[in-house]
There are 2 protein chains.
Amino acid sequence: MKKLKIPEQTVERLPLYLRRTEELYSDGEESVTSHQFVKDLPGINSDNLRKDLSYFGSYGKKGSGYDISQLQEELRNILRLHMETLVVLVGAGNLGTALLTHQDFNRWGFRITAAFDNDPDKIDDPIGGIRVRPTHDMRPTIQDEGIEVAMIAVPSDSAQLVADSLVSAGIKGILNFAPALLEVPPEITVKQMDITSKLKELNYYLD
Amino acid sequence: MKKLKIPEQTVERLPLYLRRTEELYSDGEESVTSHQFVKDLPGINSDNLRKDLSYFGSYGKKGSGYDISQLQEELRNILRLHMETLVVLVGAGNLGTALLTHQDFNRWGFRITAAFDNDPDKIDDPIGGIRVRPTHDMRPTIQDEGIEVAMIAVPSDSAQLVADSLVSAGIKGILNFAPALLEVPPEITVKQMDITSKLKELNYYLD
């Protein structure tokens with residue numbers, strides 16, 4: 001599939017729209033206007049929504065608005081959620097443990113197939129049903145299983161080293177929980193999941 | 001302090017800029033051009049940076065660019081990081097445990113003072129030095145200690161109930177880890193820390 005050219009900020013909002021379609025669907029709504037749709041979506045107005053959705057050719061109908069099931073299907077397609085995505089986790093500390101036991105991944109097709117840590121005490125210990133393996137198994141596992149996505153949950157001072165190994169093993173996308181900026185080749189996608197940064201952002205609004 | 005009017009998308013990038021000033025500072029840089037500054041900042045170019053910083057009156061000098069220490073100081077000020085922010089955590093499961101033991105909060109002035117859970121087995125059990133208290137203590141604790149920020153790490157089906165209690169107890173800002181959209185009064189700020197949404201966003205870029 002030729003990649004559609006969608007602005008990065010729009011892509012960032014698509015999962016939020018998908019959550020909203022789920023909510024509306026479970027509320028029994030079949031179609032809603034853009035105004036109803038953006039209710040409770042923080043910082044997004046109906047103009048933003050219409051523009052964002054228009055990038056992949058989704059337009060509401062005059063009067064009735066957006067068809068919820070259809071929009072949900074389009075969002076799932078654009079985010080490639082119809083196929084399973086295999087994920088590895090590096091770092092089986094407290095955050096890693098939380099990720100291995102996170103309930104929300106499987107239903108969206110994200111399956112953690114392997115976890116790695118360099119602490120001998122953690123090796124072979126299964127967490128959330130996944131056996132923790134030594135870090136030197138990382139490369140063969142990723143290559144043999146053709147895994148494209150990795151989550152990094154190691155301390156910030158080892159995050160870059162881990163990222164380098166992941167990239168050289170063939171990983172294409174990284175979700176980085178370490179509070180460190182990663183240097184990667186341009187063809188690799190990195191998304192930061194930086195908890196303290198989000199707290200700082202929230203902090204701005206308090207006065 | 002009268003709140004400066006800074007666009008939400010800009011505020012979202014300020015913590016990233018702050019991280020970058022730290023990196024540059026520890027590399028021994030005293031000033032850098034906007035081009036050097038945005039290197040390794042995913043999806044941000046030098047025009048974005050200059051525009052973002054201009055909102056709070058920070059301009060680079062012709063030739064030498066931005067003074068790192070000065071910019072760091074300005075970013076800390078704008079994000080209100082010179083004072084301590086007290087935080088409560090609701091939900092002491094695996095993710096809550098990871099948050100209670102997260103090393104990066106304290107150095108930025110975020111101090112978790114209390115954790116709440118409704119599981120009797122967890123009550124009084126200290127995690128990361130913080131004693132877990134029963135949920136019915138939430139309101140008096142928040143009110144007595146004048147706490148303004150809460151992190152929600154409960155299952156998604158109880159997130160709205162928890163948010164309602166927090167708001168009625170006086171919380172002003174919520175960092176929500178539950179994969180659910182929260183309905184709150186307009187004066188309350190909610191930031192979503194939705195891990196699966198970030199994975200979906202990352203997934204878009206793989207093909």
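Computed quantities for the displayed model
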quantity	calculated
About the Cα centre, charge dipole magnitude for the stretch A:85-198 (Lys/Arg +1, Asp/Glu -1 at Cβ), debye	360 debye
Accessible surface of the protein assembly as shown, 1.4 Å probe, proportion on carbon and sulfur as whole %	48 percent
For chain A, calculated [θ]222 nm from helices alone, where every DSSP H run of n ≥ 4 adds -39500 (n - 2.57)	-12000 deg cm²/dmol
Calculated FRET value between A:N77 and B:T113, using beta carbons and R₀ = 35 Å, to 0.05	0.20
Shielding by other protein chains, B:151-159, mean Cβ within 10 Å	1
Mean accessible surface per residue for the protein assembly as shown, computed with a 1.4 Å probe while every protein chain stays in place, in Å²	46 Å²
Residue order for A:R133, A:R139 - accessible surface, 1.4 angstrom probe, largest first	A:R139, A:R133
Exposure of B:I130 as accessible area (Å², to 10), given a probe of 1.4 Å and all protein chains	20 Å²
Spherically averaged projected area in nm², based on the convex hull that wraps the Cα atoms of the protein assembly as shown	21.3 nm²
Sum of side-chain charges, A:D117 neighbourhood, beta-carbon under 10 Å (Lys, Arg +1; Asp, Glu -1)	-1
Theoretical gain in end-to-end length, A:E22 to A:Q9 [0.36 nm per residue, Cα-Cα removed]	2.6 nm
Anchor A:K5: lysines whose Cα lies under 20 Å away (excluding residues fewer than 8 positions away in-chain)	A:K51, A:K172, A:K191, B:K198, B:K200
Residue-count net charge about B:V32 - beta-carbon cut-off 10 Å; Lys, Arg +1, Asp, Glu -1	-2
By accessible area with a 1.4 Å probe, ligands and nucleic acids excluded, highest first: order of B:E183, A:E187, B:E22	A:E187, B:E183, B:E22
Distance histogram for the stretch B:83-127 (every C-alpha pair counted, 5 angstrom bins, percent rounded to whole numbers)	5, 22, 33, 21, 12, 6, 2
Positive dipole terminus of the stretch A:1-142, leading residue within A:G63, A:Y25, A:F37 (C-beta point charges)	A:G63
Accessible-area value, A:D207, 1.4 Å probe, nucleic acids and ligands omitted, Å²	120 Å²
Stokes-Einstein D in µm²/s, Kirkwood radius over Cα pairs - chain A at 25 °C with 0.890 mPa s viscosity	129 µm²/s
Neighbouring partner chain Cβ atoms per residue of B:188-194, average, 10 Å criterion	6
Dipole moment magnitude, nearest 20 debye, chain B about Cα centre, only Lys, Arg, Asp, Glu C-beta charged	700 debye
In the stretch B:50-79, the trypsin sites (Lys or Arg not before Pro) that fall in loop regions by DSSP, at most 10 other Cβ within 10 Å	B:K62
Solvent-accessible surface (1.4 angstrom probe) belonging to B:E8, in square angstrom, nearest 10	70 Å²
Using distinct alpha-carbon pairs, which all enter the 1/r mean, Kirkwood radius of the stretch B:85-198 in Å	13.9 Å
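The values are calculated or read from the model by the stated rules, or taken from the named source; none is laboratory data. Predicted, not measured: the structure shown is a model, and the values here were computed from it. Because the Cβ atoms are built from the backbone with ideal geometry, glycine has one as well, and the counts that use them run over all protein chains shown. Surface areas here come from the heavy atoms of the whole protein model, side chains and all, with no ligands, DNA or RNA. Shrake-Rupley method; radii C 1.70, N 1.55, O 1.52, S 1.80 Å.
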